[in-house]
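The values are calculated or read from the model by the stated rules, or taken from the named source; none is laboratory data. Owing to the predicted nature of the structure, the values given are computational and were not obtained by experimental measurement. In this analysis, Cβ positions are derived from the backbone assuming ideal geometry, glycine residues included, and neighbour counts consider all displayed protein chains. When the accessible area is computed, the model is the full protein with side chains, heavy atoms only, and any ligands, DNA or RNA have been set aside. Shrake-Rupley method; radii C 1.70, N 1.55, O 1.52, S 1.80 Å.
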Number of protein chains: 2
Amino acid sequence: MTTSPPDAPTLDLAADGVTLTAALCDVPSVSGDEGPLADAVEAALRGLGHLEVLRDGDAVVARTRLGRPERVVLAGHLDTVPIADNLPTRLVDGVLHGRGTVDMKGGVAVQLRIAATVPEPTRDVTFVFYDHEEVDAASNGLGRLARAHPDWIAADFAVLLEPTSAVVEGGCNGTLRVEVTTRGVAAHSARAWRGHNAIHDAGRVLARLEAYAARQVDVDGLVYREGLNAVTIHGGIANNVIPDRCVVAVNYRFAPDRSLAQAEAHVREVLDGFEVAVVDGSAGARPGLDHPAAAAFVAAVGGEPKPKYGWTDVARFSALGVPAVNYGPGDALLAHADDERCPAADIARCEQALHAWLTP
Amino acid sequence: MTTSPPDAPTLDLAADGVTLTAALCDVPSVSGDEGPLADAVEAALRGLGHLEVLRDGDAVVARTRLGRPERVVLAGHLDTVPIADNLPTRLVDGVLHGRGTVDMKGGVAVQLRIAATVPEPTRDVTFVFYDHEEVDAASNGLGRLARAHPDWIAADFAVLLEPTSAVVEGGCNGTLRVEVTTRGVAAHSARAWRGHNAIHDAGRVLARLEAYAARQVDVDGLVYREGLNAVTIHGGIANNVIPDRCVVAVNYRFAPDRSLAQAEAHVREVLDGFEVAVVDGSAGARPGLDHPAAAAFVAAVGGEPKPKYGWTDVARFSALGVPAVNYGPGDALLAHADDERCPAADIARCEQALHAWLTP
């Protein structure tokens with residue numbers, strides 16, 4: 001039972017993108033505590049008048065209903081990873097410092113600016129602001145919308161405003177995690193020949209991984225780079241016991257020309273002869289740049305599209321049949337960093353590009 | 001401040017060895033709680049009259065002072081590993097079941113029987129009963145005696161009554177533990193090529209260990225078998241991070257022809273090129289079967305001496321210049337087992353053999 005405190009945040013959508021980004025960051029909204037910010041976003045959007053505004057939990061959806069032949073989504077998440085003594089934001093020499101500036105309040109600010117300044121876009125636009133992106137996949141607000149209200153996010157094309165340094169990054173790689181277990185026979189290490197060393201056996205798993213040549217694959221014109229890596233290894237129970245078990249966790253990042261099932265089959269082939277168990281996985285997303293709305297977007301934005309290596313929520317749109325790209329302000333390598341910071345110019349450039357795409 | 005309870009245990013040294021073993025086991029004496037049993041042993045030995053009895057903490061030393069040209073030690077520890085619902089002891093079909101029957105109250109019973117029944121041995125005898133053998137080496141009661149009262153345990157030859165199934169097991173292998181660390185560069189696993197995988201590098205450490213051919217070495221007529229094994233491995237911090245560190249703990253069990261320093265040099269040679277840090281180690285012990293007292297012992301006991309693979313406190317005697325062998329009732333493989341059990345015949349055989357060795 002919460003009531004809005006007297007100083008409930010309000011957002012001024014008439015402010016410039018950098019000022020709006022700072023205001024969004026300065027409302028702390030670590031995953032699970034997005035409520036006050038979602039309230040502020042909802043209130044600001046309802047104040048615009050030209051949008052239908054919907055709400056599910058701490059996700060807010062707003063859309064034009066102009067009857068355009070195409071509908072596009074602009075999507076971003078409201079939550080951040082925990083604050084690291086890096087709020088409130090500071091603007092220094094044209095760079096906005098602080099938690100959320102990159103991941104991804106800069107992108108959210110661009111969404112809100114487009115919502116406020118393009119009342120009659122050339123394509124119908126659905127703005128999606130969602131919760132719980134930075135925590136376990138089962139809690140993800142976009143996933144919840146896709147299950148509960150697929151009609152709210154239906155579209156011909158989607159732009160996810162995750163940080164890409166204002167360059168179009170198409171689709172994303174998929175990710176698969178497996179555990180490879182070797183099993184031996186325990187014995188006292190003073191009589192090692194009575195046992196069988198499971199850690200020594202794991203050496204052959206690691207040799208297989210080290211020798212692996214990762215693919216670089218052209219998908220719809222973008223070259224995706226793969227990786228197959230041991231990420232953790234644990235074996236042995238005591239310093240005087242021949243280990244009877246060793247577990248290697250392996251992460252396969254795979255290009256979007258492979259389905260999740262194909263990725264699993266490939267890993268099983270590479271690790272043939274070993275005990276392999278799938279832990280979890282998510283399919284990637286093809287860039288879909290051959291779609292007319294995507295092509296128009298790339299033309300409006302300019303520059304050379306790149307592939308997205310990390311898994312992002314574009315894959316959730318892809319799974320719904322909606323081609324999607326990543327495009328937003330800030331360097332993804334600074335996301336989650338203690339010195340997270342975003343160039344003001346990135347925010348302005350993204351806003352201008354989307355404005356150009358959605359106006360005559 | 002403890003006082004003896006009214007039912008302080010008393011030991012009847014006139015009872016047969018199996019009955020005495022059961023009585024010793026039925027006084028719980030897990031490491032750190034040897035006091036009541038040490039009190040009972042001390043009282044029983046003082047009651048014999050022909051022995052000088054000394055005490056240090058929960059270690060009890062008793063010795064004849066007959067002026068014989070040779071002095072030998074019979075040594076055993078009073079403590080056990082924790083009880084596993086396996087006391088009181090049960091004698092079933094000639095086998096005594098329960099914690100301590102093998103490790104090593106059967107041996108202690110044999111010591112006490114010899115003390116009681118051989119008042120004028122042909123060699124002067126020092127009986128050593130000590131505490132804290134089953135815990136960290138720094139607490140070991142024999143080590144404490146060696147530091148504080150080396151004269152109490154000085155001798156020409158020592159028999160440690162650790163379980164050997166009533167066969168002479170000479171000397172012991174040494175043990176060395178090292179940690180091998182591989183270091184890489186962390187990166188997000190979606191961009192693995194920006195990092196360097198320390199776990200993959202550890203695969204080459206494991207390959208080196210798997211290819212290693214362990215020696216079998218003749219030392220003083222006994223063949224010692226070595227082993228070089230990874231006992232634990234740990235690497236990686238998260239499922240989406242290229243690991244920047246992996247640590248393999250390696251245990252080298254080495255024959256007593258090598259000193260601890262030589263063993264370390266050998267391991268560094270085998271693992272040349274890797275970062276190796278010594279964690280701890282203990283030299284082994286040569287069997288010393290060429291010593292006249294040892295030869296007479298082997299002749300009296302009969303059978304073919306074997307090498308001892310596991311590290312035992314014979315190495316503490318060896319370090320003092322006292323050749324030592326292991327010889328006691330029970331199968332060492334059942335030590336610490338929940339179903340620990342010792343054949344009554346082993347106890348009788350050991351007592352008879354030592355009796356024959358020490359009487360005209």
- line: Working note, the protein assembly as shown: Cα radius of gyration (Å, one decimal) and Dmax (Å, whole number) are 37.1, 118
query: Taking only DSSP H segments of four or more residues, each worth -39500 (n - 2.57), what value at 222 nm results for chain A once the sum is divided by all its residues, to the nearest 500 deg cm²/dmol?
result: -8000 deg cm²/dmol
- line: Order by accessible surface, 1.4 Å probe, largest leading, for residues A:Y327, A:Y212 comes to A:Y212, A:Y327
statement: Between the Cα axis of helix B:106-117 and the main Cα principal axis of chain B, the angle (0 to 90°, nearest 10) is 30
message: Suppose the Debye formula is applied to equal point scatterers at every Cα of the stretch A:77-192; what is log10 I(q)/I(0) at q = 0.12, 0.16 Å⁻¹?
response: -0.62, -0.97
Apportionment of accessible area to carbon and sulfur, the protein assembly as shown, percent (1.4 Å): 51
query: Based on the Kirkwood radius over alpha-carbon pairs, what value in µm²/s does the Stokes-Einstein equation return for the translational diffusion coefficient of the stretch A:1-153 at 10 °C and 1.306 mPa s?
result: 101
field: Antiparallel bridges, percent of DSSP beta bridges restricted to the protein assembly as shown (to nearest 5)
entry: 75
query: Taking every DSSP beta bridge that has both residues in chain A, what percent is antiparallel when rounded to the nearest 5?
result: 75
query: Mind listing the phi-derived Karplus ³J(HN,Hα) values for the stretch A:159-172, rounded to whole Hz, using 6.51, -1.76 and 1.60 with θ = phi - 60°, and x for any glycine or proline?
result: 10, 9, 8, 5, x, 9, 6, 6, 10, 5, 10, x, x, 6
field: Extension gain, B:A265 back to B:A295 (0.36 nm per residue minus Cα-Cα distance, nm)
entry: 7.5 nm
- line: For the stretch A:48-152 the mean separation of alpha carbon contacts under 8 Å (6+ apart) over residue count, i.e. relative contact order in percent, is 37
- prompt: What accessible area per residue comes out for the protein assembly as shown, rounded to a whole number of Å², with a 1.4 Å probe?
  reply: 39
task: Would you tell me the mean number of C-beta atoms belonging to other protein chains that fall within 10 Å of each C-beta in B:10-19, as a whole number?
output: 0
- prompt: Against the longest alpha carbon principal axis of chain B, how many degrees, from 0 to 90 and to the nearest 10, is the axis of helix B:260-270 turned?
  reply: 30
- line: Averaged over all viewing directions, the convex hull of the alpha carbons in the stretch A:237-345 casts a projected area in nm² of 11.5
task: Kindly sort A:K105, B:K306 by accessible area of their heavy atoms, largest first, with the probe set to 1.4 Å.
output: B:K306, A:K105
message: Once you keep just the Cα pairs under 8 angstrom separated by 6 or more residues, what percentage relative contact order results for the stretch B:231-351?
response: 16
- request: Considering Cα pairs under 8 angstrom that are at least six residues apart, work out the relative contact order of chain B and quote it in whole percent.
  value: 23
field: Sum of side-chain charges, A:R65 neighbourhood, beta-carbon under 14 Å (Lys, Arg +1; Asp, Glu -1)
entry: -1
query: How many Cβ atoms of partner chains, on average, are near each residue of B:138-146 if near means within 10 Å of its Cβ?
result: 0
statement: Sorted by accessible surface (1.4 Å probe, heavy atoms of the protein chains only), largest first, B:H97, B:H188, B:H77 come out as B:H188, B:H97, B:H77
- prompt: To the nearest 10 degrees, how steep is helix A:35-46 against the longest Cα principal axis of chain A, on a 0 to 90 scale?
  reply: 40
message: Once you compute Rg and the Kirkwood Rh from C-alpha atoms, what is the Rg to Rh ratio for chain B?
response: 1.06
query: How much of A:E351 can a 1.4 Å solvent probe reach, expressed as accessible area in Å² and rounded to 10?
result: 30
message: Using the Cα centre of the stretch A:246-286 as origin and beta-carbon charges of +1 (Lys, Arg) and -1 (Asp, Glu), tell me which of A:A285, A:L260, A:A249 is placed farthest towards the positive end of the dipole.
response: A:A285
- request: Would you list, by chain and number, the lysines whose Cα falls below 24 Å from the Cα of A:K308, excluding same-chain residues fewer than 8 positions away?
  value: A:K105
- request: Place +1 on the Cβ of every Lys and Arg and -1 on the Cβ of every Asp and Glu in the stretch A:71-219, take the dipole about the Cα centre, and give the residue among A:L176, A:Q111, A:G195 whose Cα lies farthest towards its positive end.
  value: A:G195
task: Provide the net charge surrounding A:G98, with neighbours chosen by a C-beta distance below 12 Å and charges set as Lys +1, Arg +1, Asp -1, Glu -1.
output: -2
- request: Mind grabbing the interface size between A and B? I mean buried accessible area, both sides, 1.4 Å probe, in Å² to the nearest hundred.
  value: 3500
- prompt: How many partner chain Cβ atoms sit within 10 Å of a residue's Cβ in peptide B:182-191, on average, as a whole number?
  reply: 5
query: Put +1 on the Cβ of every Lys and Arg and -1 on every Asp and Glu Cβ in chain A; which of A:T89, A:W311, A:G227 then has its Cα farthest towards the positive end of the dipole?
result: A:G227
- prompt: Charges only on Cβ, +1 for Lys and Arg, -1 for Asp and Glu: so what's the dipole of chain A about the Cα centre, in debye to the nearest 20?
  reply: 1000
message: Mean-square fluctuation check for chain A, GNM, Cα pairs under 10 Å: which of A:P329, A:P287, A:P28 is largest?
response: A:P28
message: Going by average Cβ density within 10 Å per residue, which order do the peptides B:158-165, A:257-264 take, highest to lowest?
response: B:158-165, A:257-264
message: Explain nothing, just the number: dipole magnitude of the protein assembly as shown about its Cα centre with +1 on each Lys and Arg Cβ and -1 on each Asp and Glu Cβ, in debye rounded to the nearest 20.
response: 1340
- request: Rank-order A:292-303, A:241-252, A:57-68 by packing density, defined as the average count of other C-beta atoms within 10 Å over each peptide's residues, highest first.
  value: A:241-252, A:57-68, A:292-303
query: Measuring from a point 7 Å out along Cα→Cβ, what nm distances, shortest first, does A:H336 have to its partners in the other copies?
result: 4.0
About the Cα centre, charge dipole magnitude for the stretch B:258-325 (Lys/Arg +1, Asp/Glu -1 at Cβ), debye: 280
